[in-house]
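What follows is a short report on a single structure.
The values are calculated or read from the model by the stated rules, or taken from the named source; none is laboratory data. Remember, it's a predicted structure, so these values are computed and weren't measured experimentally. Glycine gets a Cβ as well: all are built from the backbone with ideal geometry, and neighbour counts include every protein chain shown.
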Amino acid sequence: MFHSHPIAVIRNRLFLLSFVIALAANLVLLGVAYANGSPWVGYLVMLVLLIALGCSRCCEIRPSKPVPPPDTMMLSQIERRRQRLESLGTLASGIAHDLNNLLTPILMSGKMLQRETPNLDRAALVDTIVSGASRGADLIAQLLTFARGGDGVPARIALSELLPEIVRILERTVGGEIEVVLDVQSDLPDVIGDETELSQVVMNLAINGRDAMDGAGRLSVHARSWELSEDQSFSYTVLPPGRYVMVSVTDTGRGMEDAIRDRIFEPFFSTKQRGQGTGLGLSTTIGIIKSHGGAIEVDSVLGEGTTINVILPIATS
């Protein structure tokens, strides 16, 4: 169904009213003209009437076709990809530092090979070049995989394999004097979901933890199985009884006050300086977790640090 804009309705009614008035006036003038024996005046009046009618039709405002609603799923995917790229942007200095560390021995080995020094262990130098290039290629491949994302099709995910890959990226990119620690339960159950999106969740939480530590501290990622015996409320959702996997990201940063903790998942809310963040990272995170049927909870102590727990249902056979 089409709906005209109120202004368009008013204008159309005014055009109709003016046409009726013009028609009545021209009929009167036409009668007077014929009564006076001047038919050409009548023809002129009829011409003016036809012009007025044409103008009213041309100027009529017709209802436009309805604008289709935006594809919310596509917008969500675009926003999540933008968040992934923003995450890589915040890690850019660490990435550059790590690549520089990889390139330095490669360049030095190459220069030594060029000098043709006697008794030179060429095989060892070649191994150094190949090893450094392989590590660099591995880092770039991991970053590209994270940036591009997957096809969005849910699949069985072994967090015991995914989390070490994420931590390897963090170890080489968080920079500063930050120690990255990983602790994964040996028999951790699998989950169902999108691997890229879950990687993005952990990366977002880790980046926020890094920013809270001002360049020094410990960033820990823990994963263990967890069981609920009854319904339990979390931020934005309630989880039913069942078996879950809990992934915890802990930092030793400045912590948060209750007023800030209660708002961190609000869109555009940020405690960072202007230009250092959009305030959409954690709101994107909560959206991903909810789409996976999970929940999130925050435990923060001012001056001691923050732990954010991500709870995901395990994969059923």
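Mind listing whichever residues of segment 163-183 are among the aliphatic types (A, V, I, L, M) and crowded, with 18+ Cβ neighbours inside 10 Å?
Those that are among the aliphatic types (A, V, I, L, M) and crowded, with 18+ Cβ neighbours inside 10 Å: L163, I166, V167, I169, L170, V174, I178, V180.
Results for (1) crowded, with 16+ Cβ neighbours inside 10 Å; (2) of a type in the set (D, E, K, R); (3) on the phi > 0 side of the Ramachandran plot; (4) at pLDDT 75 or above, shown as yes or no for each residue.
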site	(1), (2), (3), (4)
G279	no, no, yes, no
I286	yes, no, no, yes
H292	yes, no, no, yes
A295	yes, no, no, yes
S300	yes, no, no, yes
E304	no, yes, no, yes
P313	yes, no, no, yes
T316	no, no, no, yes
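Check segment 146-160 and report whether any residue there is out of contact with any Lys or Arg (no Cβ under 6 Å at 6 or more places or on another chain), assigned to a helix (DSSP H, G or I) and at pLDDT 75 or above. The answer is yes, given that some residue of segment 146-160 is out of contact with any Lys or Arg (no Cβ under 6 Å at 6 or more places or on another chain), assigned to a helix (DSSP H, G or I) and at pLDDT 75 or above. Determine if segment 232-247 includes at least one residue that is modelled with pLDDT of 90 or more and touching a Lys or Arg at 6+ places or on another chain (Cβ under 7 Å). Yes: one or more hits. If the condition is being closer than 24 Å to P154 by Cβ and more than 19 Å from the chain's Cα centre (by Cα), then segment 198-221 contributes only V221. Summed over segment 201-231, residues that are modelled with pLDDT of 90 or more and of a type in the set (S, T, Y) total 2.
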